[in-house]
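Please read the structure below before turning to the comments.
Where a number appears in this text, it was derived from the coordinates with a stated rule and is not lab data. Please read these numbers as outputs of a predicted model, since none were measured by experiment. Cβ sites come from the backbone with ideal geometry, for glycine too, and all protein chains shown count toward neighbours.
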Amino acid sequence: MPLPLTRFLLQLCLGLALSLTTLAGEVRVLVQSSPLAGFRYYAGENLWHEMREGDRLTLAREADNPHDANAVRIEWRGQKLGYLPRAENRAVAAAMDGGEQVDARIARLRQHKNPWQRVLIEVFVVL
């Protein structure tokens, strides 16, 4: 039975994306797209005008965080920006605890009065 057209196109696009990424030497799989939690409490406000979409972010586990055992801190150029949202951090924390290589980038920056809407990040597992 032939695949439905949308499923076929999705598989084709995924195959092309994996092929192109593999040619670059690594395969990165997007596992999460989330707002940055805590933006207004850390260095984000002061660094806003320097940050750019596509900038690489550093993820660091804070297993001893008293508020969240799955806490994943997000840094930009050594400055703490905030955290992955608590409701969405469990899988990334488990991957990091399991030794998987993860990285992240700034996907979108928006001028918005709600701090939860200012920075969208993407998290990848590197295969």
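Okay, here's what the table says:
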read-out	value
Region 26-126: relative contact order as a whole-number percent, Cα under 8 Å and 6+ apart	38
Percent of C-alpha pairs per 10 Å bin, region 26-126, short to long	16, 53, 28, 3
Fewest-first sequence of Leu47, Leu81 by Cβ atoms within 10 Å of each Cβ	Leu47, Leu81
